[in-house]
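Worksheet: the structure to be examined is printed underneath.
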Amino acid sequence: MEKIVNDIIKEELYFETLENGLRVYFMPKRGFVKKYAILATDFGSNDLEFVPKGECNRIRVHEGIAHFLEHKMFEQPDGGNAFDLFSKYGASANAFTNFNMTAYLFSATENFNECLTHLIDYVQTPYYTEENVEKEKGIIAQEIKMYDDDPSWQVYFNALKAMYQKHNVRIDIAGDVDSIYKITPDELYKCYNTFYNPSNMILFVIGDLDENEVMDVIKKANHSDIDKIEGKIQRFPNEEPKEIAQKEIVEKYQVSMPMFNIAYKDEDVNLRGKELLKKEVVSDILCDMIFKTGSELNEDMYMKGMVNDSFYGGFYSEVEYAFTLISGEGKDPHKVKDTITEYLERYKKEGLSRVGFERAKKKKIGEFLKYMDSMEFIANNFISYAFKDVNILDYLEVLKEVEFEDVENRLRTHFKEENCVISIVEPIEAEEN
């Protein structure tokens with residue numbers, strides 16, 4: 001087991017790759033009562049085309065299958081549910097699927113070793129039958145319909161659809177009702193056997209625990225009869241053009257005030273490791289300087305009644321795609337967009353504030369150190385970044401290297417009008433007036 005010490009944030013990290021390829025990380029947190037573990041696979045809703053394990057031909061699976069598979073992992077061959085045993089042990093368990101990964105997690109103050117064993121065991125025990133798959137379709141269909149009626153969800157996905165012409169990020173994580181009703185047990189097993197291979201997964205454990213005991217529990221629980229995948233899984237993401245798909249999408253919903261998402265599609269993609277992390281840090285600082293509460297732009301629009309306190313702007317970054325998303329509510333979203341454009345163009349000509357840059361940078365340092373007291377933040381972000389070849393513990397090192405010129409350059413290269421889209425949800429009443 002390798003030990004990594006980060007002198008900047010005074011944290012230790014233990015790391016070992018097991019024989020079947022599972023990457024295991026453990027971070028001791030002395031004095032903390034709660035303990036936390038998350039087991040994740042590098043498989044999300046974007047992974048629709050790939051070569052299954054043991055096969056030679058490329059296939060395309062139905063949209064929403066990663067989310068569907070997550071739902072089915074809790075049903076066990078003995079008829080029980082994985083949540084039941086966590087409850088018996090007094091633990092809180094959950095799972096989630098996003099565009100790029102699926103994760104299973106729990107937190108506990110007691111019976112941690114038993115819970116950790118259970119986590120590893122049930123995630124390595126797939127059980128899909130015609131009967132239980134058909135039953136799940138109705139449950140997920142109701143979930144999809146609920147999100148279809150959620151204006152905040154729709155305004156967000158319409159922004160993605162406006163930005164992206166081909167990339168699967170424009171597809172809802174849960175798929176649609178038609179796609180999930182076509183999913184079969186065979187298709188689920190193909191996804192499971194390919195992407196839930198331990199060599200495509202990471203386990204992160206954090207808490208006041210002994211590193212040797214943690215590794216013993218993991219090795220005893222880990223199934224040794226699963227063959228490691230040699231090399232990388234063959235995936236086939238869509239080649240996304242730099243150009244946006246369309247400038248604007250407007251829909252009507254039962255809302256009291258128009259909602260908007262204004263987004264800037266990033267051209268600087270397909271980065272990994274520290275290069276990706278630095279771009280993200282620079283973009284985060286820039287967004288804080290321009291959009292965060294207290295900024296010149298935010299205060300101006302708020303005082304003029306153009307937006308309310310829901311206004312927010314942030315940067316979202318993955319390997320194959322990235323974008324800045326500005327969201328909020330206001331009577332005239334187009335006027336908000338025009339005002340943002342005016343401010344951005346003025347900053348490009350006149351420059352940003354060095355004082356504002358230093359303030360935002362120091363604030364980022366403080367926020368990160370505060371987040372290091374959150375087990376969930378550390379574990380969830382560590383795994384998400386690790387799949388992108390980033391060590392989240394390098395964050396402060398990268399942050400300190402960021403210069404004012406990096407942020408000004410990012411302002412000029414990222415915020416381009418031709419890469420800007422707007423998604424609006426208007427009140428249904430507006431159509432009647």
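Worth a mention:
- Residue among 305, 231, 314 with the largest mean-square fluctuation in a Gaussian network model of the chain, springs linking Cα atoms under 10 Å: 231
- Taking each residue as 0.36 nm, the span from residue 219 to residue 368 lengthens on full extension beyond its C-alpha to C-alpha distance by 50.4 nm.
- Ordering 142-148, 406-412 by mean Cβ neighbour count within 10 Å, with the highest value first, yields 406-412, 142-148.
- Against the chain, whose longest principal axis is taken from its Cα atoms, helix 375-386 shows a tilt of about 90°.
- Three principal axis lengths of the chain [C-alpha, angstrom, descending]: 61, 54, 42
- Over all other residues within a Cβ to Cβ distance under 14 Å of residue 136, the charged ones net out to -3, with Lys and Arg as +1 and Asp and Glu as -1.
- Cα-based values for region 323-433, radius of gyration first and Dmax second, are 18.6, 56 Å.
- Ordering of 287-299, 378-390 by burial proxy (mean other Cβ atoms within 10 Å per residue, highest first): 378-390, 287-299
- The antiparallel fraction among DSSP beta bridges confined to the chain stands at about 80%.
- Degrees, to the nearest 10: 185-195 long Cα axis against longest axis of the chain: 80
- Pairwise FRET efficiency - residue 270 versus residue 4, Cβ, R0 = 22 Å, nearest 0.05: 0.20
- Counted residue by residue at 0.36 nm each, then reduced by the alpha carbon distance between them, the extension gain from residue 253 to residue 153 reaches 34.8 nm.
- Accessible surface for the chain, divided over its residues, is 45 Å² per residue with a 1.4 Å probe.
- Length added when fully stretched, residue 139-residue 376, from 0.36 nm per residue minus Cα-Cα: 82.5 nm
- Normalising by residue count, region 1-90 has a Cα convex hull of 194 Å³ per residue.
- Within a straight-line Cα-Cα reach of under 22 Å, residue 228 can be paired with the following lysines, leaving aside sequence neighbours fewer than 8 residues apart in one chain: 53, 190, 219, 220, 388.
- On the beta carbon distance between residue 310 and residue 96, with R0 = 30 Å, the FRET formula returns roughly 0.80.
- Rounded percent of accessible protein surface that carbon and sulfur make up, the chain, 1.4 Å probe: 46
- Sorting the Cα pairs of region 34-73 by distance into bins of 10 Å, from 0 upward, gives 23, 46, 23, 7, 1 percent per bin.
- Relative contact order of the chain, pairs being alpha-carbon contacts under 8 Å that are 6 or more residues apart, as %: 22
- Within a straight-line Cα-Cα reach of under 17 Å, residue 35 can be paired with the following lysines, leaving aside sequence neighbours fewer than 8 residues apart in one chain: 88.
- Helix axis angle, 130-148 relative to the chain longest principal axis, alpha carbon, degrees: 20
- Pairs from 3/34; 161/416; 161/337 whose Cα-Cα separation, in the structure shown, is over 20 Å: 3/34
The values are calculated or read from the model by the stated rules, or taken from the named source; none is laboratory data. All of these numbers come straight from a predicted model, not from anything done at the bench. Counting neighbours? That spans all protein chains shown, and the Cβs are built from the backbone with ideal geometry, glycine included. SASA here: full protein model, heavy atoms, side chains in, ligands and nucleic acids out. Shrake-Rupley method; radii C 1.70, N 1.55, O 1.52, S 1.80 Å.
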